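*Asks:* Before I ask anything, here is the structure I am working with.
The values are calculated or read from the model by the stated rules, or taken from the named source; none is laboratory data. On a predicted model such as this, the values are computed, not experimentally measured, just so you know. Glycine also receives a Cβ, built like all others from the backbone with ideal geometry; neighbour counts cover every protein chain displayed. Only protein heavy atoms, including side chains, enter the accessible area calculation; ligands, DNA and RNA are left aside. Shrake-Rupley method; radii C 1.70, N 1.55, O 1.52, S 1.80 Å.
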Amino acid sequence: QQPVQSPQAVILREGEDAVINCSSSKALYSVHWYRQKHGEAPVFLMILLKGGEQKGHDKISASFNEKKQQSSLYLTASQLSYSGTYFCGPSRAGGGADGLTFGKGTHLIIQP
Amino acid sequence: NAGVTQTPKFRVLKTGQSMTLLCAQDMNHEYMYWYRQDPGMGLRLIHYSVGEGTTAKGEVPDGYNVSRLKKQNFLLGLESAAPSQTSVYFCASSGQYGGGGQETQYFGPGTRLLVL
């Protein structure tokens with residue numbers, strides 16, 4: 001069952017902040033976040049592990065609430081290069097060697 | 001390092017024809033995956049492999065077969081193509097799972113398949 005991402009789409013001005021949420025109905029071991037630009041392959045952003053700390057990458061950070069089975073991606077002071085579709089991919093308890101079940105994605109458009 | 005490569009980049013098939021998509025990785029990864037991506041549906045797992053000689057079904061395996069005869073290659077076959085299989089197909093690979101971030105999946109550039 002696919003995780004649920006919200007919002008489905010968001011349009012921002014450069015410099016504004018955004019939050020993308022990901023919820024799963026299953027117990028999670030870890031959550032992956034990927035970004036895909038139009039016509040390109042998804043690219044890994046970060047992974048959050050059960051019991052781990054909040055991670056960050058430049059001005060993009062994420063959190064993982066194991067009890068609520070939710071993860072959130074935070075984009076601070078967004079840049080034009082942040083535009084794209086963001087996917088969360090939770091993996092089940094015990095590891096994710098059997099692949100990720102991705103959400104349907106959140107389309108992010110950053111305008112100058 | 002080329003990373004993950006896919007062949008072909010684009011293909012047009014007629015209903016009922018067969019074809020094989022090739023995925024190759026040069027990172028010595030154990031795990032390999034085939035996903036399909038359709039508008040509004042995100043990425044859905046078709047089949048995956050946890051090592052040479054092993055394969056397993058993913059979320060949407062019907063109509064596809066796979067083989068992993070060599071560690072670096074993962075083949076996706078369509079025996080009798082249908083219009084519903086029109087999609088973009090992505091292959092991915094990852095290293096050992098151990099909680100240290102090795103789970104990162106590296107994606108190939110994709111194969112665009114149109115079935116008429």
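*Asks:* With every atom except the alpha carbons ignored, what do you get for Rg and Dmax of chain B, in angstroms?
*Replies:* My reading of the Cα-based Rg and Dmax gives 13.6, 45 Å.
*Asks:* Then there's this: What size of dipole, in debye to the nearest 20, comes out for the protein assembly as shown about its Cα centre when the only charges are +1 on Lys and Arg C-beta atoms and -1 on Asp and Glu C-beta atoms?
*Replies:* On the way: 21 positive and 16 negative charges, 60 e Å.
Here the protein assembly as shown has a charge dipole of around 300 debye.
*Asks:* Compute the length gained on full extension between residue B:57 and residue B:69: take 0.36 nm times their separation in residues and subtract their Cα-Cα distance, giving the result in nm to one decimal.
*Replies:* Full extension from residue B:57 to residue B:69 adds 2.7 nm.
*Asks:* How about the stretch A:3-82: which trypsin sites (Lys or Arg not before Pro) there are in a DSSP loop, with at most 14 other Cβ atoms within 10 Å of their Cβ?
*Replies:* Here the sparse-neighbourhood loop sites are A:26, A:37, A:50, A:59, A:67, A:68.
*Asks:* State, to one decimal in nm², a quarter of the convex hull surface area for the C-alpha atoms of the stretch A:4-111, i.e. the direction-averaged projected area.
*Replies:* Over all viewing directions, the stretch A:4-111 projects a mean Cα-hull area of 6.3 nm².
*Asks:* So which residue, out of A:89, A:39, A:15, gets the largest mean-square fluctuation from a GNM of chain A using Cα contacts under 10 Å as springs?
*Replies:* It is A:39.
*Asks:* Which one, A:77, A:41, A:27, has the greatest fluctuation when you compute a Gaussian network model over chain A with C-alpha springs under 10 angstrom?
*Replies:* Of A:77, A:41, A:27, the Gaussian network model singles out A:41 as fluctuating most.
*Asks:* Also, quick follow-up: Rounded to the nearest Å, what's the spacing between the alpha carbon centres of the stretch A:25-39 and the stretch B:14-82? Just the number, please.
*Replies:* 19 Å
*Asks:* In the stretch B:38-83, which GluC sites (Glu not before Pro) fall in coil by DSSP and have 15 or fewer other Cβ atoms within 10 Å?
*Replies:* Here the GluC sites (Glu not before Pro) that fit, given the DSSP loop and packing criteria, are B:52, B:79.
*Asks:* Search the structure for amide H atoms under 5 Å from the amide H of residue A:83, placed 1.01 Å from N in the peptide plane, and list their residues when 5 or more places away or on another chain.
*Replies:* A:110
*Asks:* Just how large is the dipole of the stretch A:4-111 about the Cα centre, in debye to the nearest 20, putting +1 at every Lys and Arg Cβ and -1 at every Asp and Glu Cβ?
*Replies:* Numbers: 11 positive and 8 negative charges, 62 e Å.
Dipole about the Cα centre, nearest 20: 300 debye.
*Asks:* Another question about this same structure. Over the protein assembly as shown, what portion of Cα pair distances is larger than 29 Å, expressed as a whole percent?
*Replies:* Value for the protein assembly as shown (Cα pairs over 29 Å): 27 percent.
*Asks:* Something else about it: For chain A, with every protein chain kept in place, what is the accessible area per residue (1.4 Å probe, Å²)?
*Replies:* Counting only protein heavy atoms, the per-residue value for chain A is 49 Å².
*Asks:* Ignoring trypsin sites (Lys or Arg not before Pro) that are buried or in helix or strand per DSSP, and keeping those with at most 14 other beta carbon atoms within 10 Å, what is the longest stretch of chain B between them? If you can, show how the numbers build up before the last one.
*Replies:* Numbers: sites that count: B:9, B:14, B:70.
Here the longest segment lacking exposed loop sites spans B:15-69.
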